[in-house]
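The values are calculated or read from the model by the stated rules, or taken from the named source; none is laboratory data. All values reported here derive from a predicted model rather than from experimental measurement. Here the Cβ is made from the backbone with ideal geometry for all residues, glycine too, and neighbour counts use every protein chain on show.
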Amino acid sequence: MPTRKASSLTISLILPFVMLIALLTGVLGVLWYWTGSKTVSTLSQQLMVEMAERISQAVDRHIFSSRSIIEASFPDGMYAPGKLQDDMPALRTRLWAATSLTGNEGDYVYYGNQSGQGIGLLRKSETLAELRLKLRAEDYRAIYTVPGIKATPVLQSTETQLFDPRTRPWYRLAQSAKSHVWTPVYIDFNARDLVMTRARSVFAEDDRLAGVVATDVFLNNLRKFVDGLPLAKGASAFIMEPNGDLIAATRLDNIRYTDGARPSRVNAGASGNHLIEVAYEKLRSRFDESSEVAQTSLIFDPDGNAIEVAYRRITDDAGLNWLAVVAVPHQEMLAGIRSHVILVVALGLLALGTALGLGLRIFGGLAHDMRSLTHAVRRVGQGEIDAPIGVARNDEIGELASNVHHMRHRLFTDPLTGASNRSALLHILEALTRKGASGTLPASFAVLFMDLDKFKPLNDRWGHENGDLALMEVVQRIRSILRSNDMLARLGGDEFVVVLQGVETSEQASMVRDKILEVMDTPLTSLKGVPAQESVYLGASIGQAIYPADGSDAQTLLKHADRDMYRQKAQARSDVL
């Protein structure tokens with residue numbers, strides 16, 4: 001009997017604690033759900049904003065060279081002769097140099113004048129081009145093969161349809177514009193691709209209109225870029241025009257082919273993708289908003305389902321007006337945290353018999369780790385891309401922290417070379433240019449923009465596997481001469497950016513640039529299948545910019561350094577010629 005009484009007394013004393021632990025378990029489970037939901041939402045929004053900014057940067061990089069091509073053909077302020085014959089050798093040389101700037105096959109620049117004359121140069125390879133020429137308005141264009149910048153053109157064929165540049169949309173738009181202008185996007189039926197044309201007026205010495213110079217920009221690479229973005233399940237990313245016509249979209253073609261009908265543009269409002277259609281309907285008024293940074297918004301479809309969107313207006317001085325959008329169903333953002341909460345509550349109910357102190361200790365550590373995770377996410381959003389997570393657990397929170405760590409690594413690291421990527425670069429530049437609380441300017445630093453000179457010929461001759469090995473070796477060489485607080489980022493392809501903290505003058509930046517050029521001036525050693533007696537070199541062109549002398553924000557600094565790099569490349573080609 002005493003034992004039975006003792007057991008009853010023990011149960012009576014323990015029962016309130018059991019009920020308290022159950023209550024605490026429920027409360028802490030709700031708190032965890034609320035905190036975890038907020039953390040996941042914040043992180044997801046940050047990633048979506050980064051994605052929209054990456055799309056904007058991809059568009060900027062894709063179309064930027066078109067300005068350089070036009071300016072290389074007819075530098076601003078250069079007068080045009082009344083007849084093409086009066087300037088033919090110099091004009092051919094400029095067109096050749098213009099289509100050599102990017103190293104891309106298919107670059108095309110053309111010029112038509114008020115007399116109906118026209119000349120165009122289509123780059124076929126590094127040493128081969130196609131010249132399209134007509135010297136009288138009533139002539140049909142003659143097509144010539146040009147095997148070199150100063151080679152004699154060889155007649156290949158003559159067109160059977162009359163081409164008059166003065167009747168073309170790009171000519172009519174540019175002759176009434178004050179500066180560069182974009183034509184509407186159109187379908188190139190031969191290339192099965194979307195194209196837009198950039199054009200600019202050219203004047204005679206008496207300031208009358210002499211003609212128009214133009215170049216085409218194909219948009220298929222933008223479609224591939226958007227389609228390759230790492231998105232969550234059910235999410236979509238897309239670029240659209242104000243009327244809803246799609247430039248690119250995730251898992252969706254931008255041209256619709258129908259049997260018996262001409263190909264047509266795909267419109268976001270009738271794309272067949274519910275997420276894109278709802279986002280277009282809700283965001284169609286945002287084409288008049290500021291385009292400085294990406295924004296987020298919570299929208300709802302007709303059934304009341306929430307959709308989180310991040311969008312960025314993309315504009316330029318030639319009239320471009322697009323909207324880059326990333327959309328994620330809200331329920332997909334929180335699906336993982338819901339399952340984790342259910343698991344935690346179930347485990348908590350099974351552990352009701354544990355001591356109150358142990359329970360408080362466990363949940364105290366949980367709250368601490370959630371705060372650490374939230375703080376780390378906030379610091380990443382403020383530009384500290386290497387902020388430590390500070391969570392070491394083997395449960396769902398540890399898995400979430402590990403996922404955040406891996407997501408951050410994938411977001412800020414180039415998977416091939418291990419260098420930082422464009423998102424990491426923009427974070428660093430934004431942090432380095434952010435003013436202090438009292439409005440003081442940050443310390444000076446330098447930006448070096450590097451483009452490999454002979455990467456495409458290396459790829460063509462020795463294969464893409466050797467191209468990848470070459471890029472990895474380039475990163476190792478550059479890192480060997482940088483300091484621990486310097487940053488090396490790969491923008492994509494064969495373009496790299498170096499950020500040099502504490503560098504205040506162009507002379508200091510030039511010293512580092514010369515060191516990079518020096519380490520690039522030796523044969524590659526990592527390539528496979530290259531004969532022992534043959535050496536493979538890359539070489540590089542490097543432009544530079546100094547903060548704040550050359551720009552007070554990331555975009556201005558990168559554009560200044562990029563333009564300086566093109567000047568260096570053009571100067572090098574001029575020296576060779």
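If you take the residues in segment 440-463 that are among the acidic types (Asp, Glu) and surrounded by 17 or more Cβ atoms within 10 Å (Cβ to Cβ), which one is modelled with the lowest pLDDT?
Checked segment 440-463; the qualifying residue modelled with the lowest pLDDT is Asp453.
So Ala509 clears everything in (1) under 25 Å from Ala58 (Cβ atoms); (2) surrounded by 15 or more Cβ atoms within 10 Å (Cβ to Cβ) except one condition, right? Which one?
Single failed check for Ala509: (1).
Looking at segment 116-132 only, could you name the residues that are closer than 19 Å to Pro457 by Cα, in contact (Cβ under 8 Å) with a residue 24 or more places away in the chain and in contact with a strand residue (DSSP E or B) (Cβ under 6 Å, 6 or more places away or on another chain)?
Residues satisfying the conditions are Arg123, Ala129.
If you go through segment 173-183, how many residues are surrounded by fewer than 16 Cβ atoms within 10 Å (Cβ to Cβ) and modelled with pLDDT of 95 or more?
0
Which residue pairs have Cβ atoms under 6 Å apart, sit 6 or more places apart or on different chains, and have a first residue in segment 471-487 that is under 18 Å from Ala424 (Cβ atoms) and a second that is in a helix (DSSP H, G or I)?
Every condition considered, the pairs that remain are Ile478/Ile516; Met487/Ile428.
Here is a list of conditions, (1) surrounded by 19 or more Cβ atoms within 10 Å (Cβ to Cβ); (2) over 20 Å from Val474 (Cα atoms), and Ile516 meets all of them except one; can you say which number that is?
(2) is the only condition that Ile516 fails.
If the requirement is being in the same structural domain as Val109 (by TED's automatic domain parsing), within 24 Å of Asn104 (Cα to Cα) and exposed (fewer than 15 other Cβ atoms within 10 Å of the Cβ), which of these qualifies: Tyr186, Tyr257?
Tyr186
How about segment 270-315: which of its residues are among the charged types (D, E, K, R) and either exposed (fewer than 14 other Cβ atoms within 10 Å of the Cβ) or not in a helix (DSSP H, G or I) (or both)?
Passing the criteria: Asp288, Glu289, Glu292, Asp301, Asp303, Glu308, Arg312, Arg313.
Which of the residues that make up segment 217-264 are assigned to a loop (DSSP other than H, G, I, E, B), over 17 Å from the mean Cα position of the chain (by Cα), under 22 Å from Val328 (Cβ atoms) and of a type in the set (A, V, I, L, M)?
Ala232, Ala235
I'm checking my understanding of the structure. Among residues of segment 488-519 that are without any contact (Cβ under 8 Å) to a residue 60 or more places away in the chain and hydrophobic (A, V, I, L, M, F, W, C), which one is nearest to Leu452 (Cα to Cα)?
Leu517
Which condition number in (1) buried (at least 16 other Cβ atoms within 10 Å of the Cβ); (2) among the charged types (D, E, K, R); (3) in contact (Cβ under 8 Å) with a residue 24 or more places away in the chain is the one that Asp164 fails?
(1)
What number of residues in segment 529-545 are free of Cβ contacts under 8 Å to residues at least 12 places away in the same chain and under 34 Å from the mean Cα position of the chain (by Cα)?
Residues that pass the stated criteria total 0.
Mind listing whichever residues of segment 261-283 are without any contact (Cβ under 8 Å) to a residue 24 or more places away in the chain and in contact with a Leu (Cβ under 9 Å, 6 or more places away or on another chain)?
Within segment 261-283, Val266, Gly272 meet the criteria.
For segment 198-215, indicate whether the set of residues that are over 17 Å from Asn113 (Cα atoms) and in the same structural domain as Ala327 (by TED's automatic domain parsing) is non-empty.
No, there is no match, as no residue in segment 198-215 is over 17 Å from Asn113 (Cα atoms) and in the same structural domain as Ala327 (by TED's automatic domain parsing).
Report yes if some residue within segment 221-230 is without any contact (Cβ under 8 Å) to a residue 24 or more places away in the chain and either surrounded by 12 or more Cβ atoms within 10 Å (Cβ to Cβ) or touching a Pro at 6+ places or on another chain (Cβ under 6 Å) (or both); otherwise report no.
Checked against the condition, which is being without any contact (Cβ under 8 Å) to a residue 24 or more places away in the chain and either surrounded by 12 or more Cβ atoms within 10 Å (Cβ to Cβ) or touching a Pro at 6+ places or on another chain (Cβ under 6 Å) (or both), segment 221-230 yields no hits at all.
What is the number of the single condition among (1) surrounded by fewer than 16 Cβ atoms within 10 Å (Cβ to Cβ); (2) in contact (Cβ under 8 Å) with a residue 12 or more places away in the chain; (3) acidic (Asp, Glu) that Asp207 does not meet?
Tallying (1) surrounded by fewer than 16 Cβ atoms within 10 Å (Cβ to Cβ); (2) in contact (Cβ under 8 Å) with a residue 12 or more places away in the chain; (3) acidic (Asp, Glu), Asp207 fails exactly one: (2).
Please name all residue pairs, on different chains or six or more residues apart, with Cβ atoms under 7 Å, provided the first residue is in segment 439-459 and is of a type in the set (S, T, N, Q) and the second residue is surrounded by 21 or more Cβ atoms within 10 Å (Cβ to Cβ) and assigned to a loop (DSSP other than H, G, I, E, B).
Listed by first residue and then by second, the contacts come to Ser444/Val503.
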